[in-house]
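Have a look at the structure below, then the notes.
The values are calculated or read from the model by the stated rules, or taken from the named source; none is laboratory data. Just so it is clear, the model here is predicted, and its values are computed rather than measured. Counting neighbours? That spans all protein chains shown, and the Cβs are built from the backbone with ideal geometry, glycine included. Note: areas computed on protein heavy atoms with side chains; ligands, DNA, RNA excluded. Shrake-Rupley method; radii C 1.70, N 1.55, O 1.52, S 1.80 Å.
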Amino acid sequence: MSGPDGSFDDDPQLRDRLRAADPAASLAPADSDRVARLLEATMSNTDHETTGTPGTAGKPTTRRPLTWVAAAAAALVVGGVAFAATTGGDDEETPTAGGGSDAPAVTTLAAPAAQDARCMVPNAAVLADQEVAFLGTVEELGDDMVLLSVEEQYAGAEADEVRVESPAEQMELLVGAVDFRDGEQYLVSATDGEVTVCGFSGPATGELQSLYAEAFGG
Amino acid sequence: MDEAERRARFEAMAPGLVEPLRRYLARRTDPATADDVLSETLLVCWRRLDEVPDEPLPWAYAVARHALANAERSARRQRRVAAKVATLDPPARMTTDPTGGQDPAGDVPLDEALAALRPAEAELLRLWAWEQLGPSEIATVLDLTPNAVSIRLHRARQKLREELRKIEAAAGHEGSRGRSRS
């Protein structure tokens with residue numbers, strides 16, 4: 001389907017060279033019976049979206065309710081429910097709408113309230129009970145916000161990013177306790193939406209790595 | 001549209017989408033993911049039939065593009081979950097070569113030149129040369145304006161030519177790394 005636009009054929013030589021390298025050039029056409037079955041299976045799904053979506057054609061922006069459920073689960077208040085759902089893998093037929101899905105899943109946490117409890121010695125059993133635990137890198141460090149990109153998630157709803165938001169005063173305490181620095185890697189755990197300090201969250205080094213490995217590594 | 005009309009419209013439209021979508025996906029991911037994303041893309045077209053424009057293919061490519069991004073994101077997550085906490089290094093990046101290096105007669109300088117471009121530029125060139133879309137169709141797939149597509153496509157072609165020149169000049173000096181196919 002060549003467009004009428006002249007720029008399409010700008011540099012036909014380059015295009016031909018690209019076309020010669022087309023990895024789908026050797027792809028055999030699909031078996032027509034198989035295609036017919038696929039289309040029939042598609043049409044047997046009766047859960048249509050009938051609401052007209054404003055917006056331009058080809059810009060599939062509607063979020064299906066399922067996507068919202070997943071987003072809500074990610075927005076932590078969490079009981080670890082979404083975990084099994086996202087790792088199930090046997091649910092291929094569940095469609096997600098095309099659009100709006102480039103947005104990263106973000107978990108929001110808060111700094112703990114001022115130290116109202118004495119610290120216990122960090123141990124793997126308590127760590128393993130944390131509702132959220134992940135390895136992440138500090139992407140942004142603000143007065144009232146720390147943004148981490150998640151590299152590995154050990155507990156809690158899967159997220160691409162975790163935002164810790166708190167009033168500046170509390171945040172200062174947290175940043176001091178965990179020693180958050182821009183660009184560094186941290187192991188962070190949280191329960192009830194609050195980052196767990198007292199040696200349960202900190203730079204991803206030596207002892208803390210071992211503790212996380214013991215709690216989640218098995 | 002009642003159910004019979006829906007079916008009639010889908011049956012008229014969908015067979016023409018399957019082959020281009022299969023090719024689109026074969027160029028960009030592994031066969032198993034391609035199958036999954038194809039089913040999902042068709043399902044979105046079926047469910048949102050009211051929104052599918054008269055020229056459905058670019059719209060369907062856009063759906064496939066999002067579905068593929070989703071599939072790849074969840075694959076990354078599953079690898080992340082599966083990884084033992086003790087291996088604290090970030091997981092190895094997936095190769096961006098959809099042929100998985102199974103193409104010994106491939107145009108090596110071209111692959112290198114494409115890899116040297118920004119991913120968005122390389123994707124523009126693929127949509128132009130492989131899917132053979134015009135600027136307004138590419139605009140639909142990528143959610144850009146046709147004008148922006150024309151400008152970026154022009155720039156991307158220039159950059160690809162420059163990269164090819166550089167790579168082939170270097171290969172000429174070495175005398176050992178030319179195109180494997182003339």
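For the set B:Glu72, A:Glu139, solvent exposure ranked by accessible area (probe 1.4 Å, protein chains only) runs largest to smallest as A:Glu139, B:Glu72. Global size of region B:105-177: 13.8, 44 Å for Rg and Dmax (C-alpha atoms, Rg to one decimal, Dmax whole). Note that region B:29-40 has calculated 3J(HN,Hα) couplings of 7, 7, x, 5, 5, 4, 4, 4, 5, 4, 4, 5 Hz, one per residue in order, obtained from phi through the Karplus relation 6.51 cos²θ - 1.76 cosθ + 1.60 (θ = phi - 60°); glycine and proline are x.
Chains B and A together bury some 6600 Å² of accessible area, summed over both sides, with a 1.4 Å probe. For region B:1-57, give the percent of accessible area contributed by carbon and sulfur heavy atoms, probe 1.4 Å, rounded to a whole number. With neighbouring chains kept in place, the figure for region B:1-57 is 52 percent. By the compact-protein rule of thumb, 2.2 N^0.38 Å, the alpha-carbon radius of gyration of region A:106-216 corresponds to a ratio of 0.94. The label-point distance for B:Glu55 and B:His173, in a model that sets each label 7 Å from Cα toward Cβ, rounds to 4.5 nm.
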